[in-house]
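Peer 1: Okay, handing you the structure first.
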Amino acid sequence: MNYHSYNEVLDYLEVFFNREIKDEGSLKEMLKTIEDCRNNETVTIRAIDQLFMDYRRKFQDYTLPSKEEEEVWMNILNSWQ
């Protein structure tokens, strides 16, 4: 993945959140945020990360990420913060 390509990063995040977020309302809010990023041609990674952390706290969904997911998140955060 090209971490500097907002389309590739947002495509990855969309697939990731569709898999990880179980609550329909939270998923809808996240997908709206991703769509807003596409419209603005950027990745607001801090807002996306905060939204995901809020979801995890609210629904006590503390699944451990795989090593691959950790690496991807670190690269995305480093590229878009």
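Peer 1: Before anything else, pin down the relative contact order of the chain: Cα pairs under 8 Å, at least 6 apart, normalised by residue count, whole percent.
Peer 2: 35
Peer 1: Another question, if that's okay. Count charges around Thr33 for me, please; just the other residues with Cβ under 13 Å from its Cβ, Lys/Arg as +1, Asp/Glu as -1.
Peer 2: -2
Peer 1: Can you compute the helix-only [θ] at 222 nm over the chain? Use -39500 (n - 2.57) per DSSP H run of at least 4 residues, normalise by all residues, nearest 500 deg cm²/dmol.
Peer 2: Taking each H run of at least 4 residues, the total per residue is -24500 deg cm²/dmol.
Peer 1: Still on this structure: Under 15 Å from a label point 7 Å along Cα→Cβ of Glu29: give me every residue in the range 37-81 with its amide N that close.
Peer 2: 47-61
Peer 1: Taking the range 1-72, which trypsin sites (Lys or Arg not before Pro) meet the DSSP loop condition and have no more than 10 other C-beta atoms within 10 Å?
Peer 2: Listed in order of number, the matching sites are Lys22.
Peer 1: What percentage of all Cα-Cα pairs in the chain are separated by more than 16 Å?
Peer 2: 48
Peer 1: When the chain is fully extended, how far beyond the present Cα-Cα distance does Tyr62 get from Thr42, taking 0.36 nm per residue of separation?
Peer 2: 4.4 nm
Peer 1: Could you tell me which of rounded, prolate or oblate describes the range 40-81, using a ≥ b ≥ c as the square roots of the eigenvalues of the alpha-carbon gyration tensor, with rounded for a/c under 1.5 and, failing that, prolate when a/b is larger than b/c and oblate otherwise?
Peer 2: Because a/c hits 1.5 or more and a/b fails to exceed b/c, the range 40-81 counts as oblate.
Peer 1: Summing +1 for each Lys or Arg and -1 for each Asp or Glu, what net charge is found among the other residues whose Cβ lies under 12 Å from the Cβ of Glu8?
Peer 2: -1
Peer 1: Only loop residues by DSSP count here, and only those with at most 13 other Cβ atoms within 10 Å; note down the GluC sites (Glu not before Pro) in the range 5-81 that meet that.
Peer 2: Of the GluC sites (Glu not before Pro), the ones in loops of the range 5-81 whose Cβ has at most 13 other Cβ atoms within 10 Å are Glu41.
Every number in this text was worked out from the coordinates using simple rules, so none of it is lab data. Computed from a predicted structure; not experimentally measured. Here the Cβ is made from the backbone with ideal geometry for all residues, glycine too, and neighbour counts use every protein chain on show.
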